[in-house]
Amino acid sequence: MASHIVGYPRMGPKRELKFALESFWDGKSSAEDLKKVAADLRSSIWKQMKDAGIKYIPSNTFSYYDQVLDTTAMIGAVPPRYGWNGGEIEFGTYFSMARGNATVPAMEMTKWFDTNYHFIVPELGPDVKFSYASHKAVEEYKEAKALGVDTVPVLVGPVSYLLLSKPAKGVEKSFSLLSLLNKILPIYKEVIAELKAAGASWIQFDEPTLVKDLESHQLQAFTSAYSALESSLSGLNVIIETYFADVPAAAFTTLTGLKGVTGFGFDLVRGTKTLDLIKGGFPSGKYLFAGVVDGRNIWANDLASSLSVLQSLEGIVGKDKLVVSTSCSLLHTAVDLVNEPKLDKELKSWLAFAAQKVVEVNALAKALAGHKEEAFFSANAAAQASRKSSPRVTNEAVQKAAAALKGSDHRRATNVSTRLDVQQKKLNLPVLPTTTIGSFPQTVELRKVRREFKAKK
């Protein structure tokens with residue numbers, strides 16, 4: 001039984017990349033120094049997954065800043081204000097887009113779906129001249145292969161990339177970003193051709209916008225895109241990965257009908273309705289990458305529950321077509337519990353960070369294949385029971401109060417205009433009252449005071 005990881009944290013177990021980036025940005029280290037730290041991190045991540053027994057190991061999920069920005073670099077969609085004149089995009093242009101520089105502002109940053117991760121929003125328009133300007137995906141595949149690890153290169157899918165973009169300044173807000181699809185697909189074809197030439201046998205396209213409520217023309221764009229890529233993808237096994245929510249029924253039909261696709265990845269932690277769609281009809285002969293290990297929290301997986309879900313799927317897709325996976329990239333969780341020596345034993349038994357989730361994925365795959373590690377599963381069951389019954393988690397008074405709630409408790413006794421009137425009389429608020437959650441600018445003086453406070457000075 002096979003195992004798969006959608007993606008992995010890139011900062012490093014001790015925030016090595018963060019410190020290397022800050023050093024580089026401050027002019028205290030060279031580009032080569034930064035690249036060396038990054039290469040060491042990638043190597044250790046790939047080796048860790050290989051040693052854990054993961055079959056489908058991702059590459060190109062590492063980033064110096066953001067995977068969407070990496071895609072912008074790949075297709076050469078650099079806004080004119082950064083003065084890029086073509087060629088391979090280097091750190092100067094890349095980090096100017098991400099952070100701005102002395103003369104021009106950064107590109108907009110916004111939330112990656114409903115996570116705390118933020119991505120750099122592409123700025124596109126009809127006049128953008130796309131070109132293959134970053135070979136990062138191919139270079140990292142080759143880098144892993146040289147280390148003896150055959151990986152699955154991961155690309156942000158072309159349709160999701162466009163749907164997550166915005167019209168550039170000066171472009172009509174009504175401009176159809178999807179009209180650019182046929183302009184960016186030739187770049188994707190070049191990347192695919194290079195990956196095939198380098199020896200890749202699998203490729204993963206992340207198309208998370210499929211979990212959104214898309215209009216029919218947006219769904220049609222997926223069909224058009226992968227039909228156009230079909231001949232280029234011939235000879236490759238193709239995964240289309242979705243995450244963060246249920247895939248609506250119409251999108252599920254579109255997705256599972258795409259040409260040239262070998263397998264489909266679904267978030268089965270947040271996508272409980274997707275599970276019903278799979279049970280209602282999954283295309284014969286296709287792989288199901290079942291995301292049963294939660295990539296968005298720090299809690300240990302309920303292995304018995306996940307194994308039950310996986311066993312129910314075996315009869316639908318076939319044992320040889322079922323792949324155990326994470327619900328999404330592990331980017332959204334902490335890196336490794338080994339770096340938490342101050343946690344007590346009980347609490348630590350309840351937790352699983354990215355490194356531990358990799359082990360969970362492989363343990364589930366082995367169990368499905370008939371090689372269940374009884375001791376590992378027993379320890380997990382004990383930890384699950386401990387967490388459910390612990391007074392650190394369970395407050396009987398709160399449970400009773402919640403159980404006693406009536407429907408009327410969820411409705412206000414007064415209407416909003418009455419409450420607004422009372423509030424204004426009491427608080428006398430201005431037209432635009434403003435609050436803060438405490439995220440004040442971190443000036444040099446404030447940092448100094450905080451250091452002195454922590455040092456009890």
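On a straight-distance basis, which lysines could pair with Lys366 in a cross-link, Cα separation under 18 angstrom, same-chain partners fewer than 8 positions away excluded?
The qualifying lysines are Lys50, Lys55, Lys319, Lys321, Lys357.
Along region 448-456, what does the Karplus equation 6.51 cos²θ - 1.76 cosθ + 1.60 (θ = phi - 60°) give for ³J(HN,Hα), rounded to whole Hz, x for Gly and Pro?
4, 4, 5, 4, 5, 5, 5, 7, 6
With viscosity set to 0.890 mPa s at 25 °C, what whole-number translational diffusion coefficient in µm²/s follows for region 74-168 from Stokes-Einstein and a Kirkwood radius over Cα pairs?
Details: Rh = 15.0 Å.
Translational diffusion coefficient: 164 µm²/s.
Write down the accessible area per residue of the chain in Å², having rolled a 1.4 Å probe over the full set of protein chains.
With all protein chains present, the chain gives 50 Å² per residue.
In deg cm²/dmol and to the nearest 500, what is the mean residue ellipticity at 222 nm of the chain if only DSSP H runs of at least 4 residues count, each as -39500 (n - 2.57), divided by the residue total?
-13500 deg cm²/dmol
Report D for region 29-116 in µm² per second (integer): Stokes-Einstein, Kirkwood Rh on Cα pairs, 4 °C, 1.567 mPa s.
Using the Kirkwood radius from Cα pairs, D works out to 85 µm²/s.
Out of all DSSP beta bridges with both ends in region 60-208, state the antiparallel percent to the nearest 5.
Roughly 40 percent of the beta bridges in region 60-208 run antiparallel, per DSSP.
Using each residue's phi in region 117-131, evaluate 6.51 cos²θ - 1.76 cosθ + 1.60 at θ = phi - 60° and report the 3J(HN,Hα) Karplus result to the nearest Hz, with x for Gly and Pro.
For region 117-131, the Karplus-derived couplings read 7, 10, 10, 8, 6, x, 10, 10, x, x, 9, 5, 9, 6, 7 Hz, x marking Gly and Pro.
Show the residues, 5+ positions off or on another chain, whose built amide H is closer than 5 Å to the amide H of Phe266.
Thr242, Phe289, Gly291
Would you pull out the residues with amide H under 5 Å of Ser59's amide H, same chain only if 5 or more places away, H placed 1.01 Å from N?
Val152, Val154
I'd like the FRET efficiency for Arg412 and Val171, computed as 1/(1 + (r/R0)^6) with the beta carbon distance as r and R0 of 41 Å, rounded to 0.05.
The calculated FRET efficiency here is 0.40.
Please give the Cα centre distance for region 107-139 versus region 227-298, rounded to the nearest Å.
Between the Cα centres of region 107-139 and region 227-298 lies a distance of 23 Å.
Grab every C-alpha pair in region 351-457, bin the distances at 5 angstrom width from 0 up to the longest one, and report whole percents.
2, 7, 7, 8, 7, 7, 10, 12, 13, 12, 7, 4, 2, 1
At most 13 other Cβ atoms within 10 Å and a DSSP loop assignment: could you name the trypsin sites (Lys or Arg not before Pro) in region 101-143 that fit? Walk me through the numbers on the way to the answer.
Working: sites: Lys111, Lys129, Lys136, Lys142; in loops: Lys129.
Those that pass, being in a loop and sparsely packed, are Lys129.
Please give the direction-averaged projected area of the C-alpha convex hull for region 205-335, in square nanometres with one decimal.
Mean shadow area of the hull around the Cα atoms is 8.1 nm².
Normalised by the empirical 2.2 N^0.38 Å for globular proteins, what value does the Cα Rg of region 1-154 take?
1.09
With percent of Cα pairs over 33 Å apart as the read-out, I listed (1) 37; (2) 58; (3) 44; which label goes with the value calculated from this structure?
(3)
Can you send over the solvent-accessible area of Arg15, 1.4 Å probe, protein chains only, in Å² to the nearest 10?
Roll a 1.4 Å probe over it and Arg15 shows about 130 Å².
Given Val159, Thr256, Tyr243, which one lies farthest toward the positive end of the charge dipole of region 106-264, if we put +1 on the Cβ of every Lys and Arg and -1 on the Cβ of every Asp and Glu?
So the residue we want is Val159.
Need one number: convex hull volume per residue for region 286-383, Cα atoms only, in Å³.
Numbers: hull volume 8.3 nm³, N = 98.
About 85 Å³ per residue, rounded to a whole number.
Give me a comma-separated list of calculated 3J(HN,Hα) values for region 194-210, in order, Karplus coefficients 6.51, -1.76, 1.60 applied at θ = phi - 60°, integers in Hz, x for any Gly or Pro.
With coefficients 6.51, -1.76 and 1.60, one gets 5, 5, 4, 5, 7, x, 5, 10, 10, 8, 10, 10, 8, 10, x, 5, 5 Hz.
Between Thr435 and Leu343, what is the FRET efficiency for a Förster distance of 45 Å, r being their Cβ-Cβ separation, to the nearest 0.05?
According to the calculation, E is roughly 0.85.
In terms of modelled amide H atoms, which long-range or inter-chain residues lie less than 5 Å from the amide H of Leu147?
Amide H neighbours of Leu147: none.
What is the percent carbon and sulfur in the accessible area of the chain, measuring with a 1.4 Å probe over the protein chains and ignoring ligands?
On the chain, the fraction of accessible area on carbon and sulfur atoms equals 54 percent.
Counting only GluC sites (Glu not before Pro) that are in a DSSP loop and have at most 16 other C-beta atoms within 10 Å, tell me the longest site-free stretch of the chain.
Maximal segment without exposed cleavage sites: 216-372.
How would Val398, Val152 line up by accessible area, probe 1.4 Å, largest first?
Order by accessible area, largest first: Val398, Val152.
Quick one: what does P(r) look like for region 127-184 with 5 Å bins over all Cα pairs, in whole %?
Going out from 0 Å in 5 Å bins, region 127-184 shows 4, 14, 20, 18, 14, 11, 9, 6, 3, 1 percent.
Based on DSSP, what percent of beta bridges with both residues in the chain are antiparallel, to the nearest 5?
10 percent
The values are calculated or read from the model by the stated rules, or taken from the named source; none is laboratory data. Quantities reported herein were computed from a predicted structural model and do not represent experimental measurements. Neighbour counts are summed over all protein chains in view; Cβ atoms, including those assigned to glycine, are modelled from backbone coordinates with ideal geometry. SASA here: full protein model, heavy atoms, side chains in, ligands and nucleic acids out. Shrake-Rupley method; radii C 1.70, N 1.55, O 1.52, S 1.80 Å.
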